[in-house]
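These notes concern the structure reproduced below.
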Amino acid sequence: MTVGLVSMVAVAVAAVLASWAFNALVYLVWRPRAITRQLRAQGVGGPGYKFFAGNLAEIKQLRAETAGTALDVGSHDFVPMVQPHFRKWIAIHGRTFLFWFGARPTVCITDVNVVKQVLFDRNGLYPKNFVNPHIARLLGKGLVLTEGDDWKRHRKVVHPAFNMDKLKMMTVTMSDCAGSMMSEWKAKLEKGGEVEIELSSQFEELTADVISHTAFGSSYTEGKKVFLAQRELQFLAFSTVFNVQIPGFRYLPTKKNLQISKLDREVRTMLMNIIKSRLATKDTMGYGHDLLGLMLEACAPEHGENPLLSMDEIIDECKTFFFAGHDTSSHLLTWTMFLLSTHPEWQEKLREEVLTECGNDVPTGDMLNKLQLVNMFLLETLRLYAPVSAIHRRAGSDLEVGGIRVPEGTALAIPIATIHRDKEVWGEDANEFKPLRFEKGVTMAAKHPNALLSFSGGPRSCIGQNFAMIEAKAVIAVILQRFSFSLSPKYVHAPMDVITLRPKFGLPMILKSLEV
């Protein structure tokens, strides 16, 4: 290589490095300073940007300080344990403030009117803000993560699987799955007058069995490895949530990255096997009328070269519903049983309603619709123990959000758990368990009609919310028909956020049979 060529290469490399250094300086130093000044001029304060890591070190420290704490069983304010940074910064900087997730500016929004502006937008101004690639692997690029025309296309295929007529037909399957679990409990009770059972793991298996039967025409036994792999993926993905996301870092062969990639491949392979099994019987049995059948129909060769969904998209949608369809539902059941056990007067009220409307029969869809007290109880459970504690969006362009100009790319954090305890919205009894606040319906329960955010809100609200509510009613009704229950002395009240809210040490419960 000639001296001249070596010099040219050296100059080119130096230019690339200089360009990279300049861009890094802009992104990590100048831009954060400019955005901080811009928002402070509009009255928006915050904890202040720290080079590269933003406020992640403080968030981690605050979470570590509360990691070993527990609540009294009568307390429902787990925000200091799950979202200690929001509790601290709101007290210092007010209800709207700027903080930094690495070098990404994030504005916390707690005003329900502003939340409505963001969630009810139909013009795509506030897309989802999933910058963590590991969470994207867990959920799959299905309805939860897609945007724009892709989201409309996915929803067109998936939506018919969750209409009310189909959901009512699923009720029998839900009750049958719950009945199988009840039989196992009864068998244990035959060995004594009462039995202690850890319910959170039981509900994880039950809701996995329900989603397997109703959406994929299989059983929990067939899909068990998928659920176990996804659970491991869930904990691994969450362990990276408060790390600075460096572009390309997920491709490095670290132990965690290799483990996540391995689990992701296993999940895809198992889902593909379930799909192949369905395709093998399509000539004699058709594609089926469940969620998987509708998706395969949309992908069928008769749609020509442009099917509504590709096979990769179907796999991603399966990942979404295998996870979301059982994980959030299992936690709703867990927290409902916790509250029923700590409020025995409500346990009796709900049991009386169930026996009046259902007797000892298997609950049908029409019976479940009449369970008004059960419905109120579930809604109050969702308010205090929403499965997801925060929603994230981002500004798709330079926008005005609640009267504040925010630059493109700014993340918008909506802390559900904090908003659900806001006394200005829910009244002075916001921290108390009061199902009767929903006596006149969801829109009349608070001072704002859109204050309950457990299933998000607007056009991107959870498509499975009716499914989750019917499943919860069916399971709770079946339990109340057959058992009374109380909290085990072993229970430790320590709600924990691992993408979804769960009891850190499970839910041990003492069950007694009501059957003679």
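I'd like to check something: does segment 134-146 contain any residue that is loosely packed, with under 15 Cβ neighbours inside 10 Å and either among the small types (Gly, Ala, Ser) or touching a residue at least 12 places away in the same chain (Cβ under 8 Å) (or both)?
In the first step, residues of segment 134-146 are kept if they are loosely packed, with under 15 Cβ neighbours inside 10 Å; the result is none.
No; the residues of segment 134-146 include none that is loosely packed, with under 15 Cβ neighbours inside 10 Å and either among the small types (Gly, Ala, Ser) or touching a residue at least 12 places away in the same chain (Cβ under 8 Å) (or both).
Looking at GLU196 and the list (1) closer than 30 Å to LYS256 by Cα; (2) among the acidic types (Asp, Glu); (3) touching a Ser or Thr at 6+ places or on another chain (Cβ under 6 Å), which single condition is not satisfied?
(1)
Which condition breaks for SER175 when tested against (1) surrounded by 15 or more Cβ atoms within 10 Å (Cβ to Cβ); (2) touching a Gly at 6+ places or on another chain (Cβ under 7 Å)?
Of the numbered conditions (1) surrounded by 15 or more Cβ atoms within 10 Å (Cβ to Cβ); (2) touching a Gly at 6+ places or on another chain (Cβ under 7 Å), the odd one out for SER175 is (2).
Quick check on my filter: what residues within segment 402-417 are surrounded by fewer than 21 Cβ atoms within 10 Å (Cβ to Cβ) and of a type in the set (Val, Ile, Thr)?
ILE404
Tell me, which residue of segment 46-63 that is surrounded by fewer than 16 Cβ atoms within 10 Å (Cβ to Cβ) and not aromatic (Phe, Trp, Tyr) is nearest to the chain's Cα centre (by Cα)?
Only one residue tops the list, namely LYS60.
Across segment 189-209, what is the number of residues that are over 16 Å from ALA472 (Cα atoms) and either within 20 Å of the chain's Cα centre (by Cα) or part of a helix (DSSP H, G or I) (or both)? Explain how you work it out, then say what you get.
Step one: list which residues in segment 189-209 are over 16 Å from ALA472 (Cα atoms), which gives 189-198.
Keeping just the survivors that are either within 20 Å of the chain's Cα centre (by Cα) or part of a helix (DSSP H, G or I) (or both) gives 189.
Number satisfying all stated conditions: 1.
Evaluate the following for LEU308: is it surrounded by 13 or more Cβ atoms within 10 Å (Cβ to Cβ), under 25 Å from the mean Cα position of the chain (by Cα) and in contact (Cβ under 8 Å) with a residue 24 or more places away in the chain?
When the stated conditions are applied, LEU308 does not pass them.
Could you tell me which of the residues GLU357, GLU317, GLU345, GLU353 is within 16 Å of the chain's Cα centre (by Cα) and over 24 Å from PHE120 (Cβ atoms)?
On the way: GLU357 fails: within 16 Å of the chain's Cα centre (by Cα); GLU345 fails: within 16 Å of the chain's Cα centre (by Cα); GLU353 fails: within 16 Å of the chain's Cα centre (by Cα).
Going through GLU357, GLU317, GLU345, GLU353 in turn, just one is within 16 Å of the chain's Cα centre (by Cα) and over 24 Å from PHE120 (Cβ atoms): GLU317.
Considering only segment 462-476, I want to know if a residue exists there that is of a type in the set (Gly, Ala, Ser) and part of a strand (DSSP E or B).
So in segment 462-476, the residues of a type in the set (Gly, Ala, Ser) come out as 464, 468, 472, 474.
Retained after the next criterion (residues that are part of a strand (DSSP E or B)): none.
Looking through segment 462-476, none of the residues is of a type in the set (Gly, Ala, Ser) and part of a strand (DSSP E or B).
For HIS85, indicate whether it is touching a Leu at 6+ places or on another chain (Cβ under 8 Å), touching a residue at least 24 places away in the same chain (Cβ under 8 Å), buried (at least 19 other Cβ atoms within 10 Å of the Cβ) and not in a loop (DSSP other than H, G, I, E, B). Talk me through it step by step, then tell me what you get.
Working: touching a Leu at 6+ places or on another chain (Cβ under 8 Å): yes; touching a residue at least 24 places away in the same chain (Cβ under 8 Å): yes; buried (at least 19 other Cβ atoms within 10 Å of the Cβ): yes; not in a loop (DSSP other than H, G, I, E, B): yes.
Answer is yes for this residue.
Looking for whichever is surrounded by fewer than 19 Cβ atoms within 10 Å (Cβ to Cβ), closer than 26 Å to MET496 by Cα and not hydrophobic (A, V, I, L, M, F, W, C) here; the options are GLU198, GLU204, GLU190. Which one fits?
Numbers: GLU204 fails: surrounded by fewer than 19 Cβ atoms within 10 Å (Cβ to Cβ); GLU190 fails: closer than 26 Å to MET496 by Cα.
Just a single option satisfies the conditions, and that option is GLU198.
Scanning segment 418-449 for residues that are assigned to a helix (DSSP H, G or I) and aliphatic (A, V, I, L, M), which turns out nearest to the chain's Cα centre (by Cα)? Please lay out each step first, then the result.
Pass one, segment 418-449, residues assigned to a helix (DSSP H, G or I): 418-419, 423-426, 435-438, 442-444.
With the extra rule that they be aliphatic (A, V, I, L, M), the set shrinks to 419, 425, 436, 442, 444.
On the way: ILE419: 16, VAL425: 23, LEU436: 26, VAL442: 20, MET444: 25 Å.
That would be ILE419.
Inspect all residues belonging to segment 166-181 and state whether any of them is at pLDDT 90 or above and basic (Lys, Arg).
No, segment 166-181 contains no residue that is at pLDDT 90 or above and basic (Lys, Arg).
Looking at segment 432-473 only, could you name the residues that are among the aliphatic types (A, V, I, L, M), under 20 Å from LEU350 (Cβ atoms) and in contact with a Gly (Cβ under 9 Å, 6 or more places away or on another chain)?
Result: ALA468, ILE470.
Kindly indicate whether THR328 is over 27 Å from GLU147 (Cβ atoms) and part of a helix (DSSP H, G or I). Step through it out loud before you land on a result.
Working: over 27 Å from GLU147 (Cβ atoms): no; part of a helix (DSSP H, G or I): yes.
No, not satisfied.
Within segment 54-82, which residues are in contact with a strand residue (DSSP E or B) (Cβ under 8 Å, 6 or more places away or on another chain) and either under 30 Å from GLN42 (Cβ atoms) or not in a loop (DSSP other than H, G, I, E, B) (or both)? Reasoning before the result, please.
The initial filter retains those residues of segment 54-82 that are in contact with a strand residue (DSSP E or B) (Cβ under 8 Å, 6 or more places away or on another chain), namely 54-56, 70-73, 75, 77-78, 81-82.
GLY54, ASN55, LEU56, LEU71, MET81, VAL82 - these are the residues of segment 54-82 that are in contact with a strand residue (DSSP E or B) (Cβ under 8 Å, 6 or more places away or on another chain) and either under 30 Å from GLN42 (Cβ atoms) or not in a loop (DSSP other than H, G, I, E, B) (or both).
Of all residues being assigned to a loop (DSSP other than H, G, I, E, B) and over 29 Å from VAL26 (Cβ atoms) in segment 95-119, which is farthest from the chain's Cα centre (by Cα)? Just the residue, please. Full working, then the answer.
If we filter segment 95-119 for residues that are assigned to a loop (DSSP other than H, G, I, E, B), which is where we start, we get 95-96, 102-103, 109-111.
Those left that are additionally over 29 Å from VAL26 (Cβ atoms): 95, 110-111.
Numbers: ARG95: 24, THR110: 19, ASP111: 21 Å.
My answer is ARG95.
For segment 488-507, what are the residues that are touching a Phe, Trp or Tyr at 6+ places or on another chain (Cβ under 7 Å) and hydrophobic (A, V, I, L, M, F, W, C)?
VAL492, ALA494, VAL498, ILE499, LEU501, LEU507
Which residue pairs have Cβ atoms under 7 Å apart, sit 6 or more places apart or on different chains, and have a first residue in segment 262-273 that is touching a residue at least 40 places away in the same chain (Cβ under 8 Å) and a second that is part of a helix (DSSP H, G or I) and surrounded by fewer than 17 Cβ atoms within 10 Å (Cβ to Cβ)?
Filtered contacts from segment 262-273: MET270/LYS225.
Against the condition of a type outside the set (A, V, I, L, M, F, W, C) and within 26 Å of MET496 (Cα to Cα), how does HIS326 come out, does it pass?
Values: of a type outside the set (A, V, I, L, M, F, W, C): yes; within 26 Å of MET496 (Cα to Cα): yes.
Criteria met by HIS326.
Which count do you get for residues in segment 208-223 that are buried (at least 21 other Cβ atoms within 10 Å of the Cβ), more than 13 Å from GLY293 (Cα to Cα) and β-branched (Val, Ile, Thr)?
Going through segment 208-223 one residue at a time, the tally reaches 2.
For segment 239-285, name all the residues that are more than 17 Å from GLU297 (Cα to Cα) and touching a Gly at 6+ places or on another chain (Cβ under 7 Å).
VAL244, GLN245
Only one of SER310, SER330 is under 21 Å from LYS152 (Cα atoms) and not β-branched (Val, Ile, Thr). Can you tell me which? Walk me through it before giving the result.
Details: SER330 fails: under 21 Å from LYS152 (Cα atoms).
On inspection, the qualifying residue turns out to be SER310.
The values are calculated or read from the model by the stated rules, or taken from the named source; none is laboratory data. Note that the structure is a prediction, hence the values are computed from the model and not measured. Glycine gets a Cβ as well: all are built from the backbone with ideal geometry, and neighbour counts include every protein chain shown.
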